Amino acid sequence: MKKIYSGIAVLLFTCTMGWAQDNKDYLDASLPIEARVQSLVSNLTLEEKAQQMMDESPAIERLGIPAYFWWNESLHGVARAGVATVFPQAIGLAATFDETLLYNVATAISDEARAMHKAATDQGYHKKYGGLTFWTPNVNIFRDARWGRGQETYGEDPLLTSRLGVAFVNGLQGDNPDYLKIAACAKHYAVHSGPERLRHEFDAQSSMKDLHETYLPAFKALVDAGVESVMCAYNATNGEPCCTNDYLLNDVLRGDWNFKGHVVSDCEALVDLFEGHGIVPDAVEAAAIALKSGVNLNCGSVYETNLVKAVERGLITEEEIDAQLAILLTTRFKLGMFDPEEDNPYNDISVNVINSQEHRDLSRKAAEQSIVLLKNDGVLPLQNDLAKYFVTGPNAASIDALLGNYYGVNPQMVTILEGLAGHVAPGSQIQYRPGIMLDKENLNPIDWTTGNAKDADATIVVLGITGVLEGEEGAAIASADFGDRLDYDLPKHQIDFLKKLKNGHDKPVIAVIIGGSPVNLSEVHEVADAVLMAWYPGQEGGNALAKIIYGAVSPSGKLPITFPKSFEQLPDYEDYSMQGRTYRYMQEAPMYPFGFGLSYTAFDYEALNVKNRSLAAGESLEVTATIKNTGEQSGDEVLQLYLSAEDRSEHDPIYSMKAFKRISLEPGESTNVTFTVPSEDLRMYNEAGEAQLKSGTYSVTLSSGAPTQRNQELGANAPLQQSFEIK
């Protein structure tokens, strides 16, 4: 990256403010970025400065600066901006446990983003969602199954979220030393995961231990990786709104972590300062307190005129605006927006990358690796040349079932039905009826559907939910709970339909579940012969599922979040304590554990060895093992290394995943694996939020899921375990 003077804000405080209006040093690409930023700021009036701190930054014609819209989305593909490759939703990407895959997906997304942006600006288009600053990824912890936006996250585990988030940011931002490819954003900072209905006024109370052990690690990991932006959340945390939270924004983010990028408010979060949280009386004081707290960019309406009014009232100074604006404008310079086009290699990315065959293949691969086999009574894989297949269910032919939220559009979406039909052999019948509606019972009592299952060689029923039932507060149009799912169950009529499909015959019934969050699958597991969790699998979801059902690919996805057995296992939704939540703190046996997922092949775990059985501070934990594919099909396995303290306190996690690795093995092939965990990653936090390496005896477990008895009851490998001591 072109050298950026870390004292840019100080320079702006001390620079001469009477620069001539014709100073064009900001266009001189040979100068350091901080000097160019000073030049641009010096050319702006107070009103223009305030306007440039809005997500809809207007053009400044006298300086030749076009309008720019900071708000862009790329959660699982470039969203809301035209045709783009649609990858599996983030929670599905998390189920791959594959950092390399996420890096490749993000690289493809940023390629398309660059090509789309140049194509638009070449035509003089400067529309929202057509820019280079993307408010992705969402690294909040999916702490409660009811949260409608949990689908946007990488699940419930801090380590998994951190490592996948870093891979995604690296793929988005690129590795050019002079330019950002696109600017990524870590959101929503911090302690944010519902309820959606209350998010504009809610105060999420977290202990310092939970804050630093669960809610903040992924944000720190992304800051350490150089993420360009951080978005402050709507809610308050421990009594202070996140967008004015001095501890989170200044002590931690700017102070402890030394974050140098810009902070953006969630959209209209600054309005919440006086309408929701009520910490100030009006928009002028909201603008002033947000600016002083370090919010550089306002998505919404507060900064545009109220920063000027705040200066007039004496609440802030123009120099303070200059300092915060300078940080924000630095991002635009790092993206090359004021440089000659030929200087920036990312301008050479062709529009041919958009929805290219390479990207379609990558989307299909991601979907294949994301699908989780939850149950298999020996019926899968199916042959693709049976006499008759029956496909049914409200999500079988649904485009919405592929998308989730924050999605792009594509002219070649492959539904589950289309994928299954496209992979059957000639001569085989495949029939389809939707059977039931998604979220309500049929109005017509005549049933022409369930009888088809009796004479089919196999029935594939595609159940679950879609983005109309779960998502963000305004997007889930069929949700009575602002996008959250407060009952946890599948709609009852879907369960009744499944029972009718299975009743009276012994032909296989395979249930495919669509959705972005855990649902109560206890009855589905009991009735269906096989159960697959397909998430929102993206544009190639149908092809990916077909390859798994017909056996061309062995399923290898693992659950990035625990599936409770019932609503009764869920703590109070508004309680942000981690006690009783996620595999790390949950005492009861879940329906499906974190990290669980079956395969068509079998893997043996052997020869676990902890090299240093007595570990001191500064030393790394090194663990080796041998893994062998003992089945008859090639396949991937996700190895998971867990740590547990023998003498843990009541607030310490029961287990914590400390490493994971996806491997691919042919039948009969074996490999030796090594995990190295630095001692600093073995620390736990006390109630003061201080990291400590606690002496005592610990167990290390290598398994294919959270090391609970339930994992083995469902057919997972028996884990390997050894103990060691920390001095």
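The values are calculated or read from the model by the stated rules, or taken from the named source; none is laboratory data. These numbers come from a predicted model, not from an experiment. All Cβ positions, even for glycine, are placed from backbone atoms using ideal geometry, and neighbour counts span all protein chains on display. Each accessible area value is taken on the protein alone, full model and side chains, heavy atoms only, with ligands, DNA and RNA left out. Shrake-Rupley method; radii C 1.70, N 1.55, O 1.52, S 1.80 Å.
Yes or no, residue by residue, for (1) over 28 Å from Leu216 (Cα atoms); (2) open to solvent by 20 Å² or more (accessible area, probe 1.4 Å); (3) in contact with an Asp or Glu (Cβ under 7 Å, 6 or more places away or on another chain):
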residue	(1), (2), (3)
Phe594	no, no, yes
Glu606	yes, yes, no
Glu622	no, yes, no
Lys658	no, yes, yes
### Query
Would you call Phe563 within 21 Å of the chain's Cα centre (by Cα) and of a type in the set (Phe, Trp, Tyr)?
yes
## Note on the structure
Thr676 vs (1) of a type in the set (S, T, N, Q); (2) over 25 Å from the mean Cα position of the chain (by Cα); (3) more than 20 Å from Glu725 (Cβ to Cβ); (4) assigned to a strand (DSSP E or B): all pass except (3)
### Task
State which residue is surrounded by the most Cβ atoms within 10 Å (Cβ to Cβ) when the search covers only the stretch 321-340 and only residues that are in contact with a strand residue (DSSP E or B) (Cβ under 6 Å, 6 or more places away or on another chain) and among the β-branched types (Val, Ile, Thr).
Thr331
### Task
Check Asp210, Asp251 and return the single one that is part of a helix (DSSP H, G or I), among the acidic types (Asp, Glu), crowded, with 21+ Cβ neighbours inside 10 Å and on the phi < 0 side of the Ramachandran plot.
Asp210
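Yes/no per residue for (1) open to solvent by less than 60 Å² (accessible area, probe 1.4 Å); (2) out of contact with any Asp or Glu (no Cβ under 8 Å at 6 or more places or on another chain); (3) without any contact (Cβ under 8 Å) to a residue 24 or more places away in the chain; (4) under 28 Å from Phe603 (Cα atoms):
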site	(1), (2), (3), (4)
Val673	yes, yes, no, yes
Arg683	no, yes, yes, no
Ala688	no, yes, no, no
Ala691	yes, no, no, no
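Looking at Ala367, Ala421, which one is small (Gly, Ala, Ser), in a helix (DSSP H, G or I) and open to solvent by 30 Å² or more (accessible area, probe 1.4 Å)? Give the steps one after another, and end with the answer.
Details: Ala367 fails: open to solvent by 30 Å² or more (accessible area, probe 1.4 Å).
Among Ala367, Ala421, only Ala421 is small (Gly, Ala, Ser), in a helix (DSSP H, G or I) and open to solvent by 30 Å² or more (accessible area, probe 1.4 Å).
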### Task
Using the structure shown, decide if Gly516 is over 15 Å from Asn405 (Cα atoms), touching a Lys or Arg at 6+ places or on another chain (Cβ under 9 Å) and part of a loop (DSSP other than H, G, I, E, B).
no
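Condition check ((1) open to solvent by 10 Å² or more (accessible area, probe 1.4 Å); (2) touching a strand residue (DSSP E or B) at 6+ places or on another chain (Cβ under 9 Å); (3) charged (D, E, K, R); (4) over 24 Å from Ala290 (Cβ atoms)) across all residues:
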{"position": "Asp28", "(1), (2), (3), (4)": "yes, no, yes, yes"}
{"position": "Arg36", "(1), (2), (3), (4)": "no, no, yes, yes"}
{"position": "Glu47", "(1), (2), (3), (4)": "yes, no, yes, no"}
{"position": "Gln51", "(1), (2), (3), (4)": "yes, yes, no, no"}
{"position": "Gly64", "(1), (2), (3), (4)": "yes, no, no, yes"}
{"position": "Asn72", "(1), (2), (3), (4)": "no, yes, no, no"}
{"position": "Gly77", "(1), (2), (3), (4)": "no, no, no, yes"}
### Summary
Per the filter on the stretch 83-121, residues open to solvent by 30 Å² or more (accessible area, probe 1.4 Å) and touching a Lys or Arg at 6+ places or on another chain (Cβ under 7 Å) are Glu99
### Task
Give Ala546, Ala530, Ala511 a once-over and let me know the one that is open to solvent by less than 10 Å² (accessible area, probe 1.4 Å), farther than 22 Å from Glu156 by Cα, touching a His at 6+ places or on another chain (Cβ under 6 Å) and modelled with pLDDT of 95 or more.
Ala546
### Task
Select from the stretch 59-95 the residues that are farther than 21 Å from Ala120 by Cβ and polar (S, T, N, Q) and list them in ascending order.
Gln89
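Can you pull out the residues in the stretch 450-466 that are assigned to a loop (DSSP other than H, G, I, E, B) and open to solvent by 20 Å² or more (accessible area, probe 1.4 Å)?
Those that are assigned to a loop (DSSP other than H, G, I, E, B) and open to solvent by 20 Å² or more (accessible area, probe 1.4 Å): Asp455, Asp457.
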### Message
Taking the criterion of being outside any strand (DSSP E or B), open to solvent by 20 Å² or more (accessible area, probe 1.4 Å) and touching a helix residue (DSSP H, G or I) at 6+ places or on another chain (Cβ under 8 Å), would at least one residue in the stretch 627-649 satisfy it?
### Response
no
